[in-house]
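Engineer: Following this message is one structure expressed as C-alpha cells.
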Amino acid sequence: MTYILALFFLILYLNYMPKVTYIDYKGNSKTIEVDNGLTVMEGAVQNNISGIDADCGGSMACATCHVYVEDKWLDKIPKPEDGEIDMIDMAFEPKKNSRLSCQITLANELDGLVVTTPEKQS
Ligand code: FES
C-alpha cells in the first residue's frame, strides 16, 4: 500500500505544471500553467502572451523576452550568466529585477512565479 501511495505522489509531482502569471505594463494579467522544463518565454509564446516576442528563439541574442521578475522570486531562480547580463544591459529600461525569460526554466519550485513585461515590448 505504501508503495502505491508513493508512486501516486511521484506521478502527481512529475505531472505538476507550475503556474506563471504574466502582467503587462498596464497591469493586465494572465495566469497559465506551463510544463516543467519549459522556459518562461516558451510558456508565453505557446500561450500567445503579448510582450514576449522571443525573436531569437531563446539563444540570448535579442532581449525581446525581457521581463521584470517579482522581487520575492529573485532568490529562487538561478543567477543570470554573464551573457544574459550583457543582453539585459541592451534591453529597454533594465532594472535590478530584469531577466531574460528564455533563461528561466520552470520547475515545481517556481509555481506562482510572477513576471511583468516592459512597456516597450507590448
Ligand atoms: S528569446 Fe531572444 S534573448 Fe530571449
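Engineer: Among (1) within 17 Å of S98 (Cβ to Cβ); (2) polar (S, T, N, Q); (3) more than 16 Å from the ligand (Cβ to nearest atom), which single condition is T39 missing?
Structural biologist: So the condition that T39 fails would be (3).
Engineer: A further question follows. Got a sec? Which of G57, G51 is at positive phi, modelled with pLDDT under 95 and not hydroxyl-bearing (S, T, Y)?
Structural biologist: When all the criteria are applied, what remains is G51.
Engineer: Let me ask you something else. Starting from the stretch 48-70, take each residue that is touching a residue at least 60 places away in the same chain (Cβ under 8 Å) and list its partners that are near the ligand (Cβ under 8 Å from one of its atoms) and outside any loop (DSSP other than H, G, I, E, B), counting only C-beta distances under 7 angstrom and pairs at least six apart or across chains.
Structural biologist: Short answer, once both residue conditions are applied: I52/M41; I52/S101.
Engineer: Buried (at least 20 other Cβ atoms within 10 Å of the Cβ), at pLDDT 95 or above and over 13 Å from S101 (Cβ atoms) - does that describe any residue in the stretch 18-28?
Structural biologist: The answer is yes; a qualifying residue exists.
Engineer: Consider the stretch 86-122. How many of its residues are buried (at least 19 other Cβ atoms within 10 Å of the Cβ) and part of a loop (DSSP other than H, G, I, E, B)?
Structural biologist: 5
Engineer: Would you check which residues across the stretch 65-82 are among the hydrophobic types (A, V, I, L, M, F, W, C) and either away from the ligand (no atom under 16 Å from the Cβ) or not in a loop (DSSP other than H, G, I, E, B) (or both) and list them?
Structural biologist: The first filter runs over the stretch 65-82 and keeps only residues among the hydrophobic types (A, V, I, L, M, F, W, C), leaving 65, 67, 69, 73-74, 77.
Result: V67, V69, W73, L74.
Engineer: So in the stretch 42-53, with the set limited to residues that are farther than 17 Å from D111 by Cβ and more than 12 Å from the chain's Cα centre (by Cα), which one is nearest to the ligand (Cβ to nearest atom)?
Structural biologist: If we take residues in the stretch 42-53 being farther than 17 Å from D111 by Cβ and more than 12 Å from the chain's Cα centre (by Cα), then D53 is nearest to the ligand (Cβ to nearest atom).
The values are calculated or read from the model by the stated rules, or taken from the named source; none is laboratory data. These figures come from a predicted structure and were not determined experimentally. Because the Cβ atoms are built from the backbone with ideal geometry, glycine has one as well, and the counts that use them run over all protein chains shown.
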